[in-house]
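The values are calculated or read from the model by the stated rules, or taken from the named source; none is laboratory data. Computed from a predicted model, the values in this text were never measured in an experiment. Note that we place each Cβ from the backbone using ideal geometry, even for glycine, and neighbour counts take in every protein chain shown. These accessible areas exclude ligands, DNA and RNA; they are computed on the full protein's heavy atoms, side chains included. Shrake-Rupley method; radii C 1.70, N 1.55, O 1.52, S 1.80 Å.
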2 protein chains.
Amino acid sequence: MARSAGKSKTTIGVDLGGTKVLTGIVDAEGVVRASQRLSSAVGDFDAAVEEIVETVSACRAASPDASPVALGIGVAGQVERDTGVVRFAPNLGWRDVPLGSRLGERLGIPVFVTNDVRAATWGEWTHGAGTGTRDLVVLFVGTGIGGGVVVAGRLLEGATNAAGELGHQTLVAGGRTCRCGNPGCFEAYVGGWAIAERATEAVREDPAGGRLLVELAGSASAVTAATVMSAAGQGDAFAVRLVDDTVEYLASALVGIVNGFNPARLVLGGGVIEHNPSFVERVRPIVHQRALSAATRRLEIVRARLAGNAGIVGAAAVALHGVEADV
Amino acid sequence: MARSAGKSKTTIGVDLGGTKVLTGIVDAEGVVRASQRLSSAVGDFDAAVEEIVETVSACRAASPDASPVALGIGVAGQVERDTGVVRFAPNLGWRDVPLGSRLGERLGIPVFVTNDVRAATWGEWTHGAGTGTRDLVVLFVGTGIGGGVVVAGRLLEGATNAAGELGHQTLVAGGRTCRCGNPGCFEAYVGGWAIAERATEAVREDPAGGRLLVELAGSASAVTAATVMSAAGQGDAFAVRLVDDTVEYLASALVGIVNGFNPARLVLGGGVIEHNPSFVERVRPIVHQRALSAATRRLEIVRARLAGNAGIVGAAAVALHGVEADV
């Protein structure tokens, strides 16, 4: 049988969320050779498996020289790495589904199942803004906030594979209720949904001040994080104050993360950061000023580099790591 | 030359703070065979070395059968493990002193220098409340708050050996100024000094309510954490409220720690906990209720076991680990 024509071994990476399947063939250098995206509500388990298989076939057809040796998949939910079972994926409506074994049967290659944030962390670590360091925190600030932590060259997993939920560290004791139920989580101030919620409340308290926000969004309850950023970009003082508060909350959380984990590099990604790259420049001096000097001596704070591809590049890297560790 | 008469290899552990030297000969099972304490302001570097040597001699005289093979020392400050240099120890007034090499010359055995909280964490991990687990957080709530984190069977060190400063995670963004300068640190609410400060402020705001506190302490500014606990023990409503707030702050911080690190066991020690063991029972249900279920599935929250000996037992264990790794 012919071997892969490319020099570099390739694997398949899949990023599976509630409303999309993104699949790519990725080489050992992290280059995406082909990718395929399905954007729609991911159906029940059987249908989702078929959708994934379809995207894999499309990628193989688009990059016929590649002979991917394994598949990695990052799922928005709790997974068991060793068995490939997805324990609970609320956005997909899944409980205890054997994703790894089913995909393995359909595709005939080894399959490695991980969490989507964990996969994206691997992506930034191996081929993005985190390369070359052994002590790394990657924080994704999107609608929600997730994180991944690399400690002495190993991804932090925790006792039940749940470590790194940095969005659910208490930032304001007794504060705003988070979607997880805990009062005062970091996510309940800086996550996209929370920025929108804070803005809506502020508009209701001060309709005159929030006029531009309502004008842009249509109504107070329709204001989103994007509305706030857009109004702030136009110099609207009300929106600028909301953005300033957000930066202050973000910096306050980062101080605690830096003091707790003492990373050499802190990588900031996710939609909120991608749309507001200046946040990185703004939090940097605050963190360096307020965190313990012993913890900031070698600290760099940088933007993520892989954007939407972090998940597939990382899942593919997890798969490559997995097959190489198996040998 | 005669070998140790005891079955178990012994090492020396030293716990060095600003006002005490505590030294012990400890066997491989963590049993303290002899110990010696000097309580006084630790002098300049040369004098401190002599004091340590004195306590070692006294321990050796008290346990003549033991032939300790190495010494471990935990220092309240920033240390460089590889060189044994103490970079900065504010309570001792030291900067860049070669503690490891100097003690090695004087004693003729290998010396391992570590941070005091790190040493106490080792103590609880190897011979105290943390035995048998590979994912552990030990939190010492005393005048200040320090912590140690064990991840997948390895002590978390961080990029510049400063990881685990859990007392300096932001708990109330924009809140009370911590001694480290950051607004809103966990320590600025729950550390012994902060409990005293919060109580003093509360008394000044409400002198009638705080009458018992002032009576017990002599004046508002003399109120300490112990005063608050004592008054609360007598059922004083004002003091009880301060204690309740403290428990709530503690639990809020623990939720974030559990979500971030996902330990199998969370060990609570230090003076504030030792004097209020009920804090452990009180925070347990709150943490289990508010932290993510994935992170609490296997979580135990327990009291530290070694109390004041954690430092010497841990430093001795570090030394034993060090000589065995060297072999």
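In Å², and per residue, what accessible area does region B:185-327 have when probed at 1.4 Å with the other protein chains present? With the other protein chains kept in place, region B:185-327 gives 39 Å² per residue.
For region B:181-187, putting each phi into the Karplus relation 6.51 cos²θ - 1.76 cosθ + 1.60 with θ = phi - 60° gives couplings of x, 6, x, x, 4, 3, 4 Hz, in residue order, rounded to whole numbers and with x for Gly and Pro. Considering only alpha-carbon pairs that sit under 8 angstrom and 6 or more positions apart, the relative contact order computed for region A:151-193 is 28 percent. Derived from the Cα gyration tensor, the three semi-axes of the equivalent ellipsoid of region B:109-176 are 23, 15, 12 Å, largest first. When every Cα-Cα distance of region A:170-294 is counted in 5 angstrom steps from zero, the calculated P(r) takes the values 2, 11, 20, 21, 19, 14, 7, 3, 1, 0 percent. Dipole of the protein assembly as shown computed with +1 at Lys/Arg Cβ and -1 at Asp/Glu Cβ about the Cα centre; of A:V190, A:A120, B:I145, farthest Cα towards the positive end is A:A120. Cross-link reach is defined here as a Cα-Cα straight distance under 12 Å, omitting same-chain residues fewer than 8 places apart; for A:K9 the aspartates and glutamates meeting it are A:D27, A:E29, A:D65, A:E324. In this structure, the amide hydrogen of A:G147, modeled 1.01 Å from its nitrogen in the peptide plane, lies closer than 5 angstrom to those of A:F140, A:L166, A:G167, counting only residues at least 5 positions away or on a different chain. In the elastic network of chain A, a GNM with C-alpha springs shorter than 10 Å, the most mobile of A:G314, A:G175, A:G77 is A:G175. Look at the stretch A:294-304: the mean tally of other chain Cβ atoms within 10 Å of its residues' Cβ atoms is 3.
Taking only the C-alpha atoms of region A:191-250, Rg followed by Dmax gives 9.8, 28 Å. What you get for region B:244-324, charging only the Cβ of Lys and Arg (+1) and of Asp and Glu (-1), is a dipole of about 300 debye around the Cα centre. A 1.4 Å probe, protein heavy atoms only, puts the accessible area of B:S67 near 50 Å². Look at the alpha carbon pairs under 8 Å that are at least 6 residues apart: their mean separation over the length of chain A gives a relative contact order of 21 percent.
Largest GNM mean-square fluctuation among A:D135, A:D46, A:D245, using chain A with Cα springs under 10 Å: A:D46. Over all projection directions, the Cα-based convex hull of chain B averages an area of 17.7 nm². Working note: Cα gyration tensor of the protein assembly as shown, eigenvalues times five, square-rooted, sorted largest first, giving semi-axes of 46, 34, 21 Å.
Each of B:V97, B:N276, B:S40 was scored by the projection of its Cα onto the charge dipole of the protein assembly as shown, and the greatest displacement toward the positive side belongs to B:V97; charges sit on the C-beta of Lys, Arg, Asp and Glu. Evaluated with a Cβ-only charge set (Lys, Arg +1; Asp, Glu -1), region A:159-306 carries a dipole of roughly 540 debye about its Cα centre, given to the nearest 20.
Ellipsoid semi-axes for region A:161-235, based on the Cα gyration tensor and the rule √(5λ), read 27, 13, 9 Å when sorted largest first. Where only DSSP H runs of four or more residues are counted, the protein assembly as shown gives -13000 deg cm²/dmol as its mean residue ellipticity at 222 nm, each run worth -39500 (n - 2.57). Close amide-amide hydrogen proximity is noted between B:A173 and A:V172, A:A173, each under 5 Å apart and 5 or more residues distant or on a separate chain (H modeled in the peptide plane; Pro and chain starts excluded).
Across all C-alpha atoms in region A:269-327, the radius of gyration and Dmax reach 16.3, 47 Å. Counting Cβ atoms of other protein chains within 10 Å of each Cβ in A:283-291 and taking the mean gives 2.
The charge dipole of region B:78-178, taken about its Cα centre with unit charges on the Cβ of Lys, Arg, Asp and Glu (plus for the first two, minus for the last two), comes to roughly 100 debye. How many angstrom separate the Cα center of region B:181-235 from the Cα center of region A:52-131? Region B:181-235 and region A:52-131 have Cα centres spaced 54 Å from each other. Against chain A, whose longest principal axis is taken from its Cα atoms, helix A:237-261 shows a tilt of about 60°. Applying the Kirkwood pairwise sum to the alpha-carbon positions of region B:56-189 produces a hydrodynamic radius of 16.5 angstrom.
At the residue level, A:C178 shows approximately 10 square angstrom of accessible surface with a 1.4 angstrom probe and all protein chains present.
Structural descriptor for region A:243-313: relative contact order 45 percent, calculated from alpha carbon pairs under 8 angstrom and at least 6 residues apart.
When we measure straight from the Cα of A:K20, which aspartates and glutamates land under 18 angstrom away, once same-chain ones fewer than 8 places off are left out? Reachable aspartates and glutamates: A:D44, A:D46, A:E50, A:E51, A:E54, A:D116. Projected onto its three principal axes, the C-alpha set of region A:110-247 covers 56, 31, 27 Å, listed from the longest axis down.
Partner shielding of A:146-156 amounts to 3, given as the average count of beta-carbon atoms from other chains within 10 Å of each residue beta-carbon.
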